[in-house]
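The values are calculated or read from the model by the stated rules, or taken from the named source; none is laboratory data. Computed from a prediction, not measured in an experiment: that's the story for all the values here. Cβ sites come from the backbone with ideal geometry, for glycine too, and all protein chains shown count toward neighbours. Ligands, DNA and RNA are stripped out before the accessible areas are found, and what is left, the full protein with its side chains, is counted by its heavy atoms. Shrake-Rupley method; radii C 1.70, N 1.55, O 1.52, S 1.80 Å.
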Amino acid sequence: METTREPAVAGMFYPGDALGLQRTVDRLLEQAGGEPNAAKAIIAPHAGYIYSGEVAARVYAALAARSGSIRRVVMAGPSHRVGFNGIAVPTARYFRTPLGRIPLDSAAIESLADIPWVQRSDAPHAQEHCLEVQLPFLQTVLDEFSLVPLVVGQARPAEVDEVLERLWGGDETLIVISSDLSHYLPYSQAKAIDTRTSSAIEALREQDIGFDQACGALPVRGLLMAARSHGLHCRTVDQRNSGDTAGPRDRVVGYGAYVFE
């Protein structure tokens, strides 16, 4: 039976109808501009598009030049709703957004079966927004691609690193890490902390990033370990917070977009 993970936050985090969603994503990408890059991996934020869509678009717009060469996307982000140990991959065969259905790379998922901390479980994916909000951007900037979605629960960064290494592949594989930065601090304090976090990410200093710096600290740290092993260099494409986009400045959430080449 071919099962599909249906969208959970369409109409909340982003427009729920295909036409409205496509117009929104197209507008964000057009406004973002950006120089083409040869990214092997990116980090993008995962709040509602009104808050973090402009920041996410900055890193996705630059991928358009590689639209035909990326055939698989490995995505990892933190679990917001379900507590569990390890890393969860779904049993579903497809993920759907209002823009259409994306096939999962079943062979790649099966290749993780011998890793003890990887479990097949749909519950962590069912209502999780951090991966879902990335998909319409990917569906717009890439041609056909398959997906390996990873929700990270209680896991060590080295365990995330090992899974990413197993799935690393070549130029056909893009790694996407979904993470926001600091949460619910006054504007100036958040900006200072997020600037230090961006510096740590650029320097691949995974040990300097905790949950106070990034909600996706575990997948971010795993990527930084992998990036160091593969000799990648990171640069910050954008760093803002909800006080810069669509919210008040007394309690903001930070967003950053990063490219690893």
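In a simple Cβ point-charge model (Lys, Arg +1; Asp, Glu -1; nothing else charged), the chain has a dipole of about 300 debye relative to its Cα centre.
Length available on full extension from residue 8 to residue 168: 0.36 nm per residue minus the Cα-Cα distance, which gives 54.8 nm. Accessible area per residue for the chain is 40 Å², calculated with a 1.4 Å probe on protein heavy atoms, without ligands, DNA or RNA. Taking 25 °C and 0.890 mPa s as the conditions, I'd like the Stokes-Einstein D for region 1-138 in µm²/s, using the Kirkwood hydrodynamic radius from alpha carbon pairs. Taking Rh from Cα pairs, D becomes 153 µm²/s. For the chain, the carbon plus sulfur part of the accessible surface works out to 48%, probe radius 1.4 Å. Counting every C-alpha pair in region 151-261, the share spaced more than 18 angstrom apart comes to 47%. So, in Å, what gap is there between the alpha-carbon centers of region 42-79 and region 111-141? Result: 14 Å between the Cα centres.
For the chain, take the alpha-carbon Rg, divide it by the Kirkwood Rh, and send me Rg/Rh. Rg/Rh: 0.93. Comparing 15, 150, 232 along the charge dipole axis of the chain, the residue lying farthest to the positive side is 15, per the Cβ-charge model. As a rough guide to protection, the peptides 127-134, 31-38, 218-225 ranked by mean Cβ packing within 10 Å, highest first, stand as 218-225, 127-134, 31-38. For region 213-261, the spread of Cα coordinates along the three principal axes comes to 40, 20, 10 Å, biggest extent given first.
How fast does region 66-146 diffuse by Stokes-Einstein, in µm²/s, taking the Kirkwood radius from C-alpha pairs at 20 °C and 1.002 mPa s?
157
Given the rule -39500 (n - 2.57) for each run of at least 4 DSSP H residues, summed and divided by the residues of the chain, what is its mean residue ellipticity at 222 nm, to the nearest 500 deg cm²/dmol? Mind showing how you got there, number by number?
Working: 9 runs with 88 residues, N = 261.
Here the helix-only value at 222 nm equals -10000 deg cm²/dmol.
Packing order of peptides 55-63, 158-166, highest average first: 55-63, 158-166 (average count of other Cβ atoms within 10 Å over each peptide's residues).
Computed extension length for residue 101-residue 229: 42.7 nm, one decimal, from 0.36 nm per residue of separation with the Cα-Cα distance subtracted.
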